[in-house]
Amino acid sequence: MIMTEKQVGGVIVLFGGTGDLAKSEIIPALYQLFQEGNFSEQFALIGVSRTEMSDQEYRDFVREAMENVVDKDTIDDSFFQHFFYQAADNTELNDFKNLSETIQKASNECEADPSYIYYYSIPPSVYDDTTKNLKESGILDYEGSHRVAVEKPFGESLESAEEYYDLLQKAFDPQEIYLVDHFLGFESLQNILVTRQANPFLEAIWNSDYIEQVQISLPEDFSIGSRGAFYDENGALLDMFQNHILQILAVVAMDLPEEMDDKELNEKKLELFKSIPSFKLEDVKEKVVRGQYDTYREEDDVPEESHTETYIAIELEIDSDRWSDVPFYVRTGKSLAENHLTVDILLKTSSKMSVDEQPRLTFSIEPQLGISMVVHQKHPTENEEVLAAAIGPDKETWKTIHFPEAYENIISDILTDSERHIGTFEQVKEQWRITDSIRKAWEDMPKPDFPNYKTGEIGPEKAEDLLKRNNHSWIYRI
């Protein structure tokens, strides 16, 4: 995590302040930063939602949320004195005038620094009204800096993403807009970049001369739960591939910049995205597999004849000298037999062997953290045989280290005006270009025969065939 050289303060206006994301991720991350001393006493947070409650009721609400992630007997209650609340309908200008008064009150009571962050933990459908009312109420005229943070998904297509971005730019400059994909906050994901940079021997083989294939696996062993309405509009392609998986792929495949500063890192990521060709109809038929688990249509708020995919497997190519003829396989899905986020870099060999024996470098991102390798050594009893041996992380050392949660890194970036864990809009546009090309092809194809895999299994059979075409197979961790 980027640690601040000095304590920071200011005012955070959290739209969606009583929502699940606020309770489970944002507020616990703020508390951890407060405990680490990254916040000064000069900060205030105003939760905003439609529910009526007092400041004290909101503080009690926040404390109760914290008790789910921190031992309640160890909680520092001074943290909650920085919390305030304003009930508001984001479409009503008068409510924002009341919000302005609450911001002034909170700023005065906490002697907050003149730095304002507006965190949109809200649906994109209310971005326009929220931004317009922030501006028309005079809130954005306060002296000091103003920044807005927007959660993914950013748009439903390239066209809608551009529309949303134009709405934000009516009130904020591009450098004041933070597009949040919390996967970029994972320490273990950022570790891929550091490992490549800090170990020159790895970067020397990080190309098609030595690497046969790359697998990015993000299977989940749980269903969509209560997200039926949202999920059925998006599916696995938009929920996971368009944002999370493509950003992971970029970290793995991008060229390293000479200087590891935020601007150059984002420029190299953008170059990588631009080198991924759009999918044509024949590409999608051959290189994209979608699936749906057997009980999906029984979930709440899911249509009985839904053809939304809960599983996706894709073979991508990267048009560059470094990655010529190296397939990148990605897969993700719900209600599967596995639950992890893993990147496997499989190396070329001189002889045919199973995927379990093949030399590889593995980055475990969630829930396990660390790097492991499969290498070959002499078999202890057979002179002509080699044995695959796994080398894992130093778990004892790692137990002594605090790994910041993803949102700690994200919020630290926003507070300190950094972009290390934040994507750019130019990247988002390329991600939508790639994703939209797949969706366009689907529109010209027959409806899939769903459901096509059982809950608790590895996924649809056609996902196996996707790799068999190249004499490859998935690495499963069951």
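Condition (residue is within 18 Å of Asn108 (Cα to Cα) and more than 23 Å from the chain's Cα centre (by Cα)) applied to segment 60-79: is it met by at least one residue?
yes
Does Glu405 satisfy being at pLDDT 85 or above, surrounded by 13 or more Cβ atoms within 10 Å (Cβ to Cβ) and either assigned by TED's automatic domain parsing to the domain that holds Glu259 or within 22 Å of Lys269 (Cβ to Cβ) (or both)?
When the stated conditions are applied, Glu405 passes them.
Using beta carbons and a limit of 6 Å, which pairs, at least six apart or on different chains, have the first residue in segment 43-65 and closer than 21 Å to Asp95 by Cα and the second one of a type in the set (A, V, I, L, M) and surrounded by fewer than 20 Cβ atoms within 10 Å (Cβ to Cβ)?
Glu52/Ala87
List every residue pair whose Cβ atoms sit under 7 Å apart, with the two residues 6 or more apart in sequence or on different chains, where the first one lies in segment 120-131 and is in the same structural domain as Thr91 (by TED's automatic domain parsing) and the second, anywhere, is part of a helix (DSSP H, G or I) and of a type in the set (A, V, I, L, M).
Between residues of segment 120-131 that are in the same structural domain as Thr91 (by TED's automatic domain parsing) and residues that are part of a helix (DSSP H, G or I) and of a type in the set (A, V, I, L, M), the close pairs are Ser121/Leu21; Ser121/Ala22; Ser121/Ile26; Tyr127/Leu167; Tyr127/Leu168; Asp128/Leu167; Thr131/Leu167; Thr131/Leu168.
Look at Ser473 and say whether it is outside the structural domain of Val288 (by TED's automatic domain parsing) and modelled with pLDDT of 95 or more.
yes
Restricting attention to helices (runs of 4 or more DSSP H) lying wholly within segment 117-213, give those where 2 or more residues are more than 27 Å from Ile438 (Cβ to Cβ) and in contact with a helix residue (DSSP H, G or I) (Cβ under 9 Å, 6 or more places away or on another chain).
Counting at least 2 such residues, we get 127-136, 187-198, 200-204.
Condition first: among the aromatic types (Phe, Trp, Tyr) and within 22 Å of the chain's Cα centre (by Cα). Can you find one or more residues in segment 34-43 that meet it?
Taking every residue of segment 34-43 in turn, none turns out to be among the aromatic types (Phe, Trp, Tyr) and within 22 Å of the chain's Cα centre (by Cα).
Considering segment 327-378 alone, what residues qualify as being part of a loop (DSSP other than H, G, I, E, B), under 20 Å from the mean Cα position of the chain (by Cα) and not polar (S, T, N, Q)?
The answer is Lys334, Glu338, His340, Pro367, Leu369.
Leu265 passes all but one of (1) surrounded by 14 or more Cβ atoms within 10 Å (Cβ to Cβ); (2) at pLDDT 95 or above; which number fails?
(2)
How many residues, within segment 254-289, are outside any helix (DSSP H, G or I) and under 22 Å from Asn234 (Cβ atoms)?
Matching residues across segment 254-289 total 5.
Give all pairs with beta carbons closer than 9 Å in which a residue from segment 133-160 that is free of Cβ contacts under 8 Å to residues at least 24 places away in the same chain meets a residue that is of a type in the set (D, E, K, R); count only pairs at least 6 apart in sequence or on separate chains.
Within 9 Å, the pairs are Asp141/Lys135; Glu159/Asp436.
When residues of segment 290-309 are filtered for being outside any loop (DSSP other than H, G, I, E, B) and without any contact (Cβ under 8 Å) to a residue 40 or more places away in the chain, how many remain?
1
Leu361: in contact (Cβ under 8 Å) with a residue 60 or more places away in the chain, over 20 Å from Gly459 (Cα atoms), surrounded by 19 or more Cβ atoms within 10 Å (Cβ to Cβ) and of a type outside the set (S, T, N, Q), yes or no?
Yes.
Per-residue answers, yes or no, for (1) under 30 Å from Gly155 (Cα atoms); (2) crowded, with 18+ Cβ neighbours inside 10 Å; (3) assigned by TED's automatic domain parsing to the domain that holds Pro327; (4) modelled with pLDDT of 95 or more:
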site: Pro367; (1), (2), (3), (4): yes, no, yes, no
site: Gly370; (1), (2), (3), (4): no, no, yes, no
site: Val375; (1), (2), (3), (4): no, no, yes, no
site: Ala389; (1), (2), (3), (4): no, no, yes, no
site: Glu426; (1), (2), (3), (4): yes, no, yes, yes
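Condition first: over 20 Å from the mean Cα position of the chain (by Cα), within 13 Å of Ile318 (Cα to Cα) and surrounded by 15 or more Cβ atoms within 10 Å (Cβ to Cβ). Now tell me which residues in segment 275-293 satisfy that.
Ser275, Phe279 - these are the residues of segment 275-293 that are over 20 Å from the mean Cα position of the chain (by Cα), within 13 Å of Ile318 (Cα to Cα) and surrounded by 15 or more Cβ atoms within 10 Å (Cβ to Cβ).
Return the residue satisfying two criteria in turn: it lies in segment 439-468 and is part of a loop (DSSP other than H, G, I, E, B) and without any contact (Cβ under 8 Å) to a residue 24 or more places away in the chain, and of such residues it is surrounded by the fewest Cβ atoms within 10 Å (Cβ to Cβ).
It comes out as Pro446.
Please work out which residue is modelled with the lowest pLDDT, limiting yourself to segment 268-283 and to residues that are over 29 Å from Lys334 (Cβ atoms) and basic (Lys, Arg).
Lys268
I want to confirm something. Restricting to segment 227-254 and keeping residues that are more than 11 Å from Val330 (Cα to Cα) and among the β-branched types (Val, Ile, Thr), which single residue is surrounded by the fewest Cβ atoms within 10 Å (Cβ to Cβ)?
If we take residues in segment 227-254 being more than 11 Å from Val330 (Cα to Cα) and among the β-branched types (Val, Ile, Thr), then Val252 is surrounded by the fewest Cβ atoms within 10 Å (Cβ to Cβ).
The values are calculated or read from the model by the stated rules, or taken from the named source; none is laboratory data. Keep in mind that what you see is a predicted model, and the values were worked out from it rather than measured. Virtual Cβ from ideal backbone geometry, glycine too; neighbours counted across all protein chains shown.
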